[in-house]
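Asks: First, the structure itself, so that you have it in front of you.
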Amino acid sequence: MERDSSDEDDDGHRHLVHQNDTRPVSSTGRQRSALDIEDLDSRIGAARRFSFRLSRSYLLAILISVLFLGAFFSADVRGLFSGDASAFEVDSTADRMRESELRALSLLKQQRLGLFGLWNHTFLDSASARNGTANFTFSSLNSSVLKQDNDHLLVSSSSLFEDFKTSVLRQIELNKDIEEVLLLPHQSGNVSVENGDGDMVDVSFGDFGDRCRTVDQSSLGRKTIEWKPKPDKFLLAICVSGQMSNHLICLEKHMFFAAVLGRILVVPSSEVDYEYNKVLDVNRINDCLGRKVVMSFEEFSKVKKTHLHIDRFICYFSSPQHCYVDDEHVKKLKGLGISMGKLESPWVEDTQKPNKRTIQDVEAKFTVDDDVIAIGDVFSANLEQEWLAQPGGPLAHKCKTLIEPSRLIVRTAQRFIQTFLGKNYIALHFRRHGFLKFCNAKKPSCFYPVPQAAECIKRVVERADAPVIYLSTDAAESETGLLQTLIFSNGKPVPLVKRPDRNPAEKWDALLYRHGLQDDSQVEAMLDKTICAMSRVFIGASGSTFTEDILRLRKDWGLVSRCDEYLCQGEEPNFIADDE
């Protein structure tokens, strides 16, 4: 505590004079007279010097006292406030530690399940090896090695070892995540927690190479069938459930049906379905198989001329309604000049609880001699899912995949990536609109608060070490804006890049405008899928068929990364709203 300097100056002008002063004796031994002017002057001078010395002493004493008192009170005040701050800091640290412990427990549960699966697979592989077979199950992003009826598919030991290393590495990464979560509350500024030896608690992944490298599926055998249709037998695809992603999955399954039944697949007309010719190269499918296997409805109309009749309309699903087709869709089909009989169903099948079906079941129930048949929506069909999950699908062909974006969309996606993203980017499908109610109906829910989603995304960013994220979303700006403020790496924000509005100065989308495909919602959706599918790492939305179609493309194109995952995979939302 400091005092004003004027107070100290006042104290310095006070003089103390002794009343019984003893007069000094002169050198001559004579006592000086009180009236002696010289003696008076000398006394006055001595008194002044003595007074000055006293003033300096008092001034010094006062200064020391002031400094002592100031130090005492300031120390006390600091102690008072530091005590409050310390209490506040303890509470804050306790909260952070509690959050970290809960997060660590969630990760430990995820790690335990992963290790348990690895343990089971190890013993299954050992037992299979002793029996001369190998059955190995990959994660949801990889295909399964399939059982065959007469002979079993053998997987090379190098492939098994590679997947084993991948699984072990994932557990090491989870362990490192748990360690960092637990250490986070104890870190402040540039101070880091060290172990007893003084070394940073860390795991080096140098020996493992790229932590997010692509999954090698080249050694996996494929179980396929030949698609050799008769030139006068046709199958009309009927796809009505959901939006474009659902319809593409439905179309892929219809191709499988057509191959099993030996028929040419007729792609639906844009009058009753989407304009597939805008997003797919239908003729490319024929090139991939080296023969005529698909045709547009317009081409089919020319072949049949005036006799557009569906001889048999067979429903795969019988409930909740025949063929999953309503009266409006039947009216649209008749509007194309198509005549048909009544809808029929060979079995009892519910879209909510589909039975597991085989090729033999399809052959037994759908093989007929009629020239033109139609099969109702098969999007929900549980038919040979292991075959469909293979890279490239269940049909023998010379391309990577049969259903992929058109050449114009692929080139546009490549130009966008070259302009805005570069090779090393993460793609995020952040599904929000209408997803809250859908997810909360599931157990557990798949709709995450934005801050929790940001934490999950940051962990993937750290593993991938990517400088930018491509954002494919239907979320409002309020949500994406908040998400952007929460995603950072190494103290720097990680940009969320969305496709910008049309700008004539930018030429990356010139191909679409040149061919009149601009401002088409389905083209834009397919462009989004393509950009996501080409990413180094993909984060998808669980339960979304848009995400599932992206995963299919990544699998077929050989781009599946070891870091691919669903958003907050293995976690539950930290807050869930009550039902209505």
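The values are calculated or read from the model by the stated rules, or taken from the named source; none is laboratory data. Predicted, not measured: the structure shown is a model, and the values here were computed from it. We place every Cβ from the backbone using ideal geometry, glycine too, and count neighbours over all the protein chains shown. Remember, those area values only see protein heavy atoms, side chains included, never the ligands or the DNA or RNA. Shrake-Rupley method; radii C 1.70, N 1.55, O 1.52, S 1.80 Å.
Asks: Condition first: acidic (D, E) and open to solvent by 30 Å² or more (accessible area, probe 1.4 Å). Now tell me which residues in segment 521-531 satisfy that. I'd like the intermediate steps shown before the answer.
Replies: Step one: list which residues in segment 521-531 are acidic (D, E), which gives 524, 528.
Correct list: E524 only.
Asks: For segment 451-480, give me each residue that is touching a Lys or Arg at 6+ places or on another chain (Cβ under 9 Å) and β-branched (V, I, T).
Replies: T473, T480
Asks: Give the residue that is modelled with the lowest pLDDT, with candidates limited to residues of segment 241-267 that are open to solvent by 20 Å² or more (accessible area, probe 1.4 Å) and either part of a loop (DSSP other than H, G, I, E, B) or within 18 Å of V523 (Cα to Cα) (or both).
Replies: Per the criteria, the residue is G242.
Asks: Right, another one. Cβ contacts < 6 Å: first residue under 27 Å from R499 (Cβ atoms), restricted to segment 382-409; second residue among the hydroxyl-bearing types (S, T, Y) and not in a loop (DSSP other than H, G, I, E, B), any location; separation 6+ or different chain. Result?
Replies: Note: pairs meeting the criteria are P405/T530; I409/T530.
Asks: Anything in segment 221-239 that is among the aliphatic types (A, V, I, L, M) and crowded, with 20+ Cβ neighbours inside 10 Å? List them, or say none.
Replies: Result: L235, L236, A237, I238.
Asks: Of a type outside the set (K, R) and buried (at least 23 other Cβ atoms within 10 Å of the Cβ), is that true of G558? Give the derivation first.
Replies: Details: of a type outside the set (K, R): yes; buried (at least 23 other Cβ atoms within 10 Å of the Cβ): no.
No.
Asks: In addition: Provide a single number: the residues in segment 481-495 that are modelled with pLDDT of 95 or more, open to solvent by 10 Å² or more (accessible area, probe 1.4 Å) and touching a Lys or Arg at 6+ places or on another chain (Cβ under 9 Å).
Replies: Adding up the residues that qualify gives 1.
Asks: Right, another one. Residues that are farther than 27 Å from K292 by Cβ and touching a Cys at 6+ places or on another chain (Cβ under 8 Å): find the strands (runs of 3 or more DSSP E) completely inside segment 357-473 holding 2 or more of those.
Replies: 426-430, 469-473
Yes/no per residue for (1) part of a loop (DSSP other than H, G, I, E, B); (2) among the aliphatic types (A, V, I, L, M); (3) surrounded by 15 or more Cβ atoms within 10 Å (Cβ to Cβ):
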{"site": "N503", "(1), (2), (3)": "yes, no, no"}
{"site": "K507", "(1), (2), (3)": "yes, no, no"}
{"site": "G516", "(1), (2), (3)": "yes, no, no"}
{"site": "D519", "(1), (2), (3)": "yes, no, no"}
{"site": "S542", "(1), (2), (3)": "yes, no, yes"}
{"site": "I550", "(1), (2), (3)": "no, yes, yes"}
{"site": "C563", "(1), (2), (3)": "yes, no, yes"}
{"site": "D579", "(1), (2), (3)": "yes, no, no"}
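Asks: Also: Quickly run through segment 189-238 and pick out the residues that are at pLDDT 50 or above, over 30 Å from V293 (Cα atoms) and not charged (D, E, K, R).
Replies: Result: F208, G209, C212, T214, V215.
Asks: I would also like to ask the following. Among the numbered criteria (1) assigned to a helix (DSSP H, G or I); (2) open to solvent by less than 40 Å² (accessible area, probe 1.4 Å); (3) without any contact (Cβ under 8 Å) to a residue 60 or more places away in the chain, which single criterion is violated by W347?
Replies: (1)
Asks: Something else now. Any residue that is surrounded by 14 or more Cβ atoms within 10 Å (Cβ to Cβ), touching a Lys or Arg at 6+ places or on another chain (Cβ under 9 Å) and of a type in the set (S, T, Y) - is there at least one of those in segment 419-426?
Replies: yes
Asks: Six or more apart or on different chains, Cβ atoms under 9 Å: show the pairs whose first residue is in segment 552-580 and hydroxyl-bearing (S, T, Y) and whose second is assigned to a helix (DSSP H, G or I) and modelled with pLDDT of 95 or more.
Replies: Sorted first by the residue in segment 552-580, then by its partner, the pairs are S561/R554; Y566/T547.
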